[in-house]
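Undergrad: One structure coming up, written as structure tokens, with questions to follow.
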């Protein structure tokens with residue numbers, strides 16, 4: 001049984017919503033959870049609920065890293081934080097994976113320092129699943145590394161491809177480089193150098209893709225630096241929320257709209273499900289030597305449950321071993337050689 005350490009204090013609605021989502025995951029999936037946080041408080045909250053006690057353990061952590069704290073400083077100073085203790089559970093083998101909806105920078109920093117990186121990876125990347133017209137796309141990096149080198153983006157492409165194959169189930173996914181135009185000559189020197197590396201590599205590189213292609217479905221894995229990737233993610237979330245609110249307002253504004261909603265409720269429900277981030281759970285932090293899932297700060301119980309499910313799938317399919325083997329094959333590929341910067 002896969003055991004997931006859960007940062008019970010991470011997120012805007014912690015610990016109540018986190019506990020609810022974790023217990024729902026235990027009830028639905030073959031998984032155990034280690035709830036990390038103030039032991040006495042967590043045990044008191046659990047005492048009011050019904051669950052399989054053999055699958056739930058409380059791990060005491062006396063400190064919490066707040067969203068506005070400096071990640072590196074907080075990890076160094078708060079050694080008994082729920083993030084640090086949870087990641088240490090993975091390091092010590094008590095848990096197979098770690099999930100947090102708390103301070104993203106602290107999770108990235110803590111995981112990198114405590115777990116280390118896979119042998120062939122220089123920087124970790126956050127992989128975000130986004131809906132598109134034909135299914136889903138994966139954008140990497142979503143904010144772990146805002147000042148990368150071209151080699152790091154090549155590694156993101158390899159990791160994203162491996163994840164898409166193993167977890168999302170598509171063999172040889174297409175890879176595109178997010179740019180201001182489709183032509184090879186477009187973009188900064190950094191982007192053009194990255195293009196050359198991807199073009200030489202064994203990944204299924206289809207060239208540059210623009211912002212309009214993110215949701216078209218023509219590209220499976222979209223590679224970007226952490227700054228651009230994070231901005232893209234935040235804009236996408238905002239657009240989805242605005243569209244949902246505009247649609248609700250329009251339907252509520254007239255009797256025709258209210259009638260249309262009554263008869264079209266299943267369609268509207270399916271539409272909301274497709275664009276709801278909670279359906280996708282959390283985002284894997286790829287490249288660290290362990291399974292780490294990062295959740296949205298506003299994660300609901302449903303999002304927490306699905307994030308734990310994502311962690312279980314990664315552990316079951318041994319995604320890190322596949323990434324390690326894939327990158328080793330890539331960097332020893334007989335037809336090309338790359339000198340690391």
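Undergrad: Restricting attention to the range 219-246, which residues are surrounded by fewer than 15 Cβ atoms within 10 Å (Cβ to Cβ) and touching a residue at least 24 places away in the same chain (Cβ under 8 Å)?
TA: 227, 243
Undergrad: Condition check: part of a helix (DSSP H, G or I), over 24 Å from the mean Cα position of the chain (by Cα), assigned by TED's automatic domain parsing to the domain that holds residue 11 and in contact (Cβ under 8 Å) with a residue 24 or more places away in the chain. Does residue 45 satisfy that?
TA: Against the criterion (part of a helix (DSSP H, G or I), over 24 Å from the mean Cα position of the chain (by Cα), assigned by TED's automatic domain parsing to the domain that holds residue 11 and in contact (Cβ under 8 Å) with a residue 24 or more places away in the chain), residue 45 qualifies.
Undergrad: Determine the pairs where a residue that is on the phi < 0 side of the Ramachandran plot, located within the range 268-283, has a partner that is in a helix (DSSP H, G or I) and modelled with pLDDT of 75 or more with Cβ atoms under 6 Å apart, the partner being 6 or more residues away or on another chain.
TA: Matching pairs, first to second residue: 275/240; 278/302; 278/303; 282/307; 282/310.
Undergrad: Taking the condition over 24 Å from residue 320 (Cβ atoms), touching a residue at least 24 places away in the same chain (Cβ under 8 Å) and out of contact with any helix residue (DSSP H, G or I) (no Cβ under 7 Å at 6 or more places or on another chain), does residue 263 pass?
TA: So residue 263 does not fit the description; no.
Undergrad: Just to be sure, is residue 326 closer than 30 Å to residue 199 by Cα, at pLDDT below 90 and surrounded by 15 or more Cβ atoms within 10 Å (Cβ to Cβ)?
TA: yes
Undergrad: Also: Take the range 48-87 and flag every residue that is in contact (Cβ under 8 Å) with a residue 40 or more places away in the chain and farther than 20 Å from residue 4 by Cβ.
TA: If the condition is that a residue be in contact (Cβ under 8 Å) with a residue 40 or more places away in the chain and farther than 20 Å from residue 4 by Cβ, then 67 is the only one that fits.
Undergrad: Determine whether residue 177 is in contact with a strand residue (DSSP E or B) (Cβ under 8 Å, 6 or more places away or on another chain), assigned by TED's automatic domain parsing to the domain that holds residue 212, at pLDDT 95 or above and surrounded by 20 or more Cβ atoms within 10 Å (Cβ to Cβ).
TA: Spelling it out, residue 177 is indeed in contact with a strand residue (DSSP E or B) (Cβ under 8 Å, 6 or more places away or on another chain), assigned by TED's automatic domain parsing to the domain that holds residue 212, at pLDDT 95 or above and surrounded by 20 or more Cβ atoms within 10 Å (Cβ to Cβ).
Undergrad: Restricting attention to the range 16-37, which residues are within 13 Å of residue 86 (Cβ to Cβ) and in contact with a strand residue (DSSP E or B) (Cβ under 7 Å, 6 or more places away or on another chain)?
TA: Selection gives 18, 22, 33, 34, 35, 36.
Undergrad: With 229, 217, 264, 257 as the choices, which residue is under 18 Å from residue 137 (Cα atoms) and part of a helix (DSSP H, G or I)?
TA: Sole residue among the options that is under 18 Å from residue 137 (Cα atoms) and part of a helix (DSSP H, G or I): 229.
Undergrad: Would it be correct to say that residue 114 is without any contact (Cβ under 8 Å) to a residue 40 or more places away in the chain and closer than 24 Å to residue 316 by Cα?
TA: The answer is yes for residue 114.
The values are calculated or read from the model by the stated rules, or taken from the named source; none is laboratory data. Model, not experiment: these values are computed from the prediction. We place every Cβ from the backbone using ideal geometry, glycine too, and count neighbours over all the protein chains shown.
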